[in-house]
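Single-structure report; data block below.
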Ligand SMILES: [Zn+2]
């Protein structure tokens, strides 16, 4: 008798359900706990809660948290009722979500593990199949998204990230202030971003004060066509501008290094990362080595100086002065005779309006960088995403700011 009460306590089985018997299968290291309804007869319909007569039962099993190292399985012949409105339906049980082979507490355990380690790690730790874990993750995200309160961000961040190594992308829409991902789009096309915008109310659209993004035409046009006064809200932030200029410096270095090596000179050999580091983060020795490099007459040093000048042009609080500063930079960059720099300069010239917006709206690049590195980590952790949907789910799971636990499990 006592084991029934003990298991009812452990499993949180309460009226109108009770533990009928407990079976210990020591040879396989399992405990089976049989749960039954206290009374036969009427049960609430899962859709409308109307008391309805029992129709038949279906045997179901759920894995629960291990008890004393025994794999613990909950077994119940779940009644089906005949509701006058909804027909023959399976009643809902309080210990598990519909469609899950795990109890709510077990799912919560898996969710906790998933936050700490990869699917592979959880699979090893809990001896669960990849598919079972994936199912728990998918249900968690679905629950979380359906519970998400009405959000009205003041700032938006729109970015793309590659799925696998192919040129296949997803769009990440985030709320940089809250540090959460709001939406994962399945491509980086104008139509899909427009369709996300169209789901916002008029009030939500007007509440958006800035939209920080890359200089990507699809994002720009979708935003221009969807938000009021978007030409004052679109911000090409420092992070994205730095990315292009950093790429240009690297291109100049590669070309120059090739030319120098052909003459037998090793001035630039092994210097790739020196040009990419922020001098602020260098050791004293690195700094002095780098100083020699950048004070030299190399083209790479000139490209680097042009980039650094651009990086210093983000402090303005007046559009006129910001405009003057950037025009000065542009005239230097286009006359630099460094083709990769000139190319980026032309792009910056065309998008200067949005760069000035970023400066005046004080859009910070911290959130974009932070979110990108966390998405990178998700990618590394989950080598072998077989499809985009799984990748999107993992992003929502880790970065969606969602309440993921099953109903009744306290966070
Ligand atoms: Zn009903």
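The values are calculated or read from the model by the stated rules, or taken from the named source; none is laboratory data. Just so it is clear, the model here is predicted, and its values are computed rather than measured. Heads up, the Cβs are rebuilt from the backbone with ideal geometry, glycines too, and the neighbour counts pull from every protein chain shown.
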In segment 106-127, residue surrounded by the most Cβ atoms within 10 Å (Cβ to Cβ) [restricted to those that are under 23 Å from residue 76 (Cβ atoms), out of contact with any helix residue (DSSP H, G or I) (no Cβ under 6 Å at 6 or more places or on another chain) and at pLDDT 90 or above]: 106
Regarding residue 87, is this residue surrounded by fewer than 21 Cβ atoms within 10 Å (Cβ to Cβ) and either more than 16 Å from the ligand (Cβ to nearest atom) or over 29 Å from residue 45 (Cβ atoms) (or both)? no
Selection within segment 101-154 - touching a residue at least 60 places away in the same chain (Cβ under 8 Å) and not in a helix (DSSP H, G or I): 103, 117, 118, 148
Filtered residues of segment 220-264 (kept if free of Cβ contacts under 8 Å to residues at least 60 places away in the same chain, under 18 Å from residue 159 (Cβ atoms) and in a helix (DSSP H, G or I)): 221, 222, 224, 226, 230, 243
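Results for (1) more than 20 Å from residue 323 (Cβ to Cβ); (2) out of contact with any strand residue (DSSP E or B) (no Cβ under 8 Å at 6 or more places or on another chain); (3) assigned to a helix (DSSP H, G or I), shown as yes or no for each residue.
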residue	(1), (2), (3)
341	yes, yes, yes
345	no, yes, yes
348	no, yes, yes
354	no, no, yes
357	no, no, yes
364	yes, yes, no
377	yes, yes, yes
Looking at segment 1-74, what strands (runs of 3 or more DSSP E) fall wholly within it and have at least 3 residues that are surrounded by 12 or more Cβ atoms within 10 Å (Cβ to Cβ) and within 16 Å of the ligand (Cβ to nearest atom)? 42-44, 51-67
Output the number of the condition that residue 195 fails; it satisfies all remaining conditions of (1) in a loop (DSSP other than H, G, I, E, B); (2) on the phi < 0 side of the Ramachandran plot. (1)
Given the conditions (1) surrounded by 15 or more Cβ atoms within 10 Å (Cβ to Cβ); (2) within 25 Å of the chain's Cα centre (by Cα); (3) on the phi < 0 side of the Ramachandran plot, report the number of the one that residue 338 does not fulfil. (2)
Name the residue that is modelled with the highest pLDDT, counting only residues in segment 155-185 that are in contact with a strand residue (DSSP E or B) (Cβ under 6 Å, 6 or more places away or on another chain) and either assigned to a helix (DSSP H, G or I) or surrounded by fewer than 17 Cβ atoms within 10 Å (Cβ to Cβ) (or both). 177
